[in-house]
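For reference, the structure is listed below as structure tokens.
The values are calculated or read from the model by the stated rules, or taken from the named source; none is laboratory data. Model, not experiment: these values are computed from the prediction. Neighbour counts run over all protein chains shown; Cβ positions are idealised from the backbone, glycine included.
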Amino acid sequence: MVNPVVPSGAVGEEREMFRRLRLDFQSLEALQREYKAYMEHGELFVPTQQSLGLREVVDLELALSFCGRVVVMQGEVHGYRDWRAERATQKGVSIRLLEPLENLRLAVADSTGILLESADQPRVPPAQSEAPTPAATGQSVIEPGKTRRSERSLARVTVTAAAGSICCEGSTEDLSSTGALLCLEDHVPALRETLDLTVFHPTTDSTQEVKATVVRHARLPSGEIAIGVEFDFSGTNEEQVRRFLDEVRAIEVDPRRRTETITGSIDVLGLPTLVQMFSASVGEGTITLVRGQDRGRIVFSGGSLRHAHTGDVLGLKALCRLLGWQSGVFHFAPVADDEETSPDAPVMHKALFECIQKLDELARQDTSGFPPGQRIIRTEYPANELSDEELEVLTFLKEGASVQEVIDGVPGFDVDIYLTLERLLELNLIDLDIEL
């Protein structure tokens, strides 16, 4: 993802107001003791001479000197009392963590090969442990001072976010049934801004729309600025929305799926390269695609194309259209999730070659004479023999249709249908009527 630039004005200013505290750990054992005693419960004491306001949000640097890492987490000032007897003479603040402890655990595991122990979990290498469960305090996506209503999970799910005329793609960093932490492409909405979110199911073609309010900003270790949102269920079937979100979380927190799925931007490598790479390297897979309000799906297994669609368009025609997308996001899972199968199931590499060839032909074809909204009508019955493609277009045009309806509804590649329309126009068998 491209690191977004924080807009000038209130958003950037509010982010810069977060003051910084630091807590050093010289050994893994010291961190482990602190984690088990306090962090695991979402709170810790930080010695400081700074005068901080109650519930002030701060950036907390956890300096892991024993492995050379610094993990930055956000927290809020919860109190001023010296709440540990052994530090009764130290001035400091009690900090309530607002970030998922999973970030800290994964940073330590990445550097040392050891997962931090929880109260009821022995310390073992990550590969031998169960999927880490975020602490009950999880990632805060609601404003400081409000009560956290449900547990967050580190689920990466594709989303689109619309606010006025702006619509962008992105993914969740964590997700619950009440809110989420999002990373959006090239856009950081302002605090309190209302978004229309579309959440995409990772293994089916279903989506769920829900309104959300931006309640906080957070800088991730990668440098990206994420936004915390709280869902607004008014005007929706809340039970249905929550059920959808819970199902998505259950899939995405599966440790096997989290290590195997890949999400990214289409424009980095291009879809033809991505599809070739995935289909050549794994036996089966499902690629879910999102571009604004458009979406698509490609499913392959055993070296063959099992299914492809975008909108109501299916098969090779859909694959060809999807390969032409220049922007958007993809989500790949090495599972052939879709139960639908193309009747001919063409060999994947041949299907890709044919579709790329048709895309090249379409790029060279002048289609300006057939605007998508232009209506086409039949003028007379053909006197001469026609090709199957020409007869199919004329049959579709029995009651008249727009150019886009013909291109979408007639089987065959788009470029071939445009060529067929040109021939029929030359034969005076069709005419261009008024625009729709």
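In the set (1) surrounded by 15 or more Cβ atoms within 10 Å (Cβ to Cβ); (2) at pLDDT 90 or above, the condition left unmet by Arg378 is number (2).
Within segment 275-308, track down each residue that is among the acidic types (Asp, Glu) and either touching a residue at least 60 places away in the same chain (Cβ under 8 Å) or not assigned by TED's automatic domain parsing to the domain that holds Gly328 (or both).
Result: no residue meets the conditions.
Name the residue that is nearest to the chain's Cα centre (by Cα), counting only residues in segment 289-315 that are outside any strand (DSSP E or B) and over 17 Å from Phe330 (Cα atoms). Per the criteria, the residue is Asp312.
The requirement of being part of a helix (DSSP H, G or I), surrounded by fewer than 17 Cβ atoms within 10 Å (Cβ to Cβ), of a type in the set (Lys, Arg) and out of contact with any Leu (no Cβ under 7 Å at 6 or more places or on another chain) is fulfilled nowhere in segment 390-403; no residue meets it. Residues in segment 298-329 that are more than 23 Å from Asp408 (Cβ to Cβ) and at pLDDT 85 or above were compared, and the one that is surrounded by the most Cβ atoms within 10 Å (Cβ to Cβ) is Phe300. Step by step: first the residues of segment 73-99, then only those that are among the small types (Gly, Ala, Ser) and not in a loop (DSSP other than H, G, I, E, B), then the one that is modelled with the lowest pLDDT. Which residue is that? Of everything passing the filter in segment 73-99, Ala85 is modelled with the lowest pLDDT.
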